[in-house]
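Visitor: Encoded as structure tokens, here's the structure I'll be asking about.
What follows draws every value from the coordinates through simple rules; no lab data is involved. Just so we're clear, the structure is a prediction, and the values are computed from it rather than from any experiment. Cβ placement follows ideal geometry from the backbone for every residue including glycine, while neighbour counts extend to all protein chains displayed.
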Amino acid sequence: MEAFKNRLDQQKIPQHIAIIMDGNGRWARKHGKARVFGHQSGVESVRSVVEGAGEVGVKHLTLYAFSTENWERPQYEVEALMELLVHAIENESELLMKKNVRLSAIGDLLKMPRKVKEKLDGSIKYLSANTGLNLVLALSYSSKWEIVNAVKTIVAEAIEGKIKPEMINDTMFAQYLNTAGIPDPELLIRTSGEYRISNFLLWQIAYSELFFTEKLWPDFRKEDLFKAIFDFQNRERRFGKTSEQLLM
Ligand code: IPE
Ligand code: IPE
Ligand code: MG
């Protein structure tokens, strides 16, 4: 069968794809290794997917790398993940530069260890003039945190008299989220055969197409991304309307 990439409709490439990269621990166990080994292997999947997204012209790729809830994991795993982040950002920046990738981050970044924050800020700055794919890392991210944070800011501005209740609508509210300025993802992918959202982009995925795969994240490659996009392109997105209306 022809590769999925060649079967894609270039006019219907999603502008924004979000991925819940799950299954690293199970992948490691399957290979008789410690969980951390799975996280390390997952970096190769990230590299492949970032490359693939750039190749087909995706504008924004948001990767769920660490959730607010993940802070509750055993300390050694959290520490290993933070170390891995530092190294990954350090080692991948040059390649991202070559690929014209821009980097940004969403989440409660002040909770990140100083070393991670510094590397991240440095890399974001280094890649800021790039014009290709915008790679968005969700770090210490949870959607409920993000929404509550937005509400706090809006209320504070309302108290100052800058905002009136009638000014609040969904377009305005979205500007107070970490994803302000980025279109909502048309496609959300989750690996590892789990069928849940795990506190990711609840507001932004209101009308996203969901794609679930049994593949564990370290086995996921750009060809799997192309397959998900192909699947997406063959769906009918009705947005509450009827099929007949879409033909008009
Ligand atoms: C996803 O893989 C990576 C992170 C959440 C950081 P997991 O570590 O959740 O792997 P499983 O789900 O336990 O297999
Ligand atoms: C979601 O995966 C978070 C990330 C992929 C970073 P988890 O493995 O933490 O989610 P649950 O526990 O299965 O919901
Ligand atoms: Mg998991």
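Visitor: Answer rounded, prolate or oblate for region 194-248, using the Cα gyration tensor with square roots of eigenvalues a ≥ b ≥ c: rounded when a/c is under 1.5, else prolate when a/b is larger than b/c, else oblate.
Guide: Numbers: a/c = 3.31, a/b = 1.56, b/c = 2.13.
Oblate.
Visitor: About the Cα centre of region 59-154, what is the dipole size in debye to 20, counting +1 per Lys and Arg Cβ and -1 per Asp and Glu Cβ, all else neutral?
Guide: Using only the charged Cβ atoms, the result is roughly 400 debye.
Visitor: Under 18 Å from the Cα of LYS241, which aspartates and glutamates turn up, not counting those fewer than eight places away in the same chain?
Guide: GLU186, GLU209
Visitor: Explain nothing, just the number: dipole magnitude of region 1-89 about its Cα centre with +1 on each Lys and Arg Cβ and -1 on each Asp and Glu Cβ, in debye rounded to the nearest 20.
Guide: 280
Visitor: For region 112-196, please report how many Lys pairs fall under 23 Å Cα to Cα, leaving out neighbours fewer than 8 apart on the same chain. Mind dumping the intermediate values first?
Guide: Values: LYS115/LYS125; LYS117/LYS125; LYS117/LYS144; LYS144/LYS152; LYS152/LYS162; LYS152/LYS164.
For region 112-196, the number of qualifying lysine pairs is 6.
Visitor: Beyond 21 Å, how much of the Cα-Cα pair distribution for region 28-112 remains, as a whole percent? Write out the running numbers ahead of the final one.
Guide: Values: 1301 of 3570 pairs.
When every Cα pair of region 28-112 is considered, 36 percent fall beyond 21 Å.
Visitor: Could you state the principal axis extents of the C-alpha atoms in region 174-224, from the largest down, to the nearest angstrom?
Guide: The Cα atoms of region 174-224 stretch 35, 21, 17 Å along their principal axes.
Visitor: If you take the alpha carbon radius of gyration of region 82-234 and divide it by 2.2 N^0.38 Å, what ratio comes out, to two decimals?
Guide: This ratio for region 82-234 stands at 1.18.
Visitor: Run the numbers on region 48-194 and let me know its relative contact order in percent, using alpha-carbon pairs under 8 Å that are six or more apart.
Guide: Relative contact order, region 48-194: 30 percent.
Visitor: Something else about it: Using the Cα centre as the reference, give the magnitude of the dipole from point charges on the C-beta atoms of region 156-248 (Lys, Arg: +1; Asp, Glu: -1; all else neutral), rounded to the nearest 20 debye. Write down the numbers at each step before the final one.
Guide: Details: 12 positive and 15 negative charges, 18 e Å.
Dipole of region 156-248, to the nearest 20 debye: 80 debye.
Visitor: Can I ask one more? Which value in deg cm²/dmol, rounded to the nearest 500, describes the helix-derived mean residue ellipticity at 222 nm for the chain, given -39,500 (n - 2.57) per DSSP H run of n ≥ 4 and division by the residue count?
Guide: So the helix-based figure for the chain works out to -13500 deg cm²/dmol.
Visitor: How big is region 1-149 by the Kirkwood estimate over distinct Cα pairs, in Å?
Guide: 16.4
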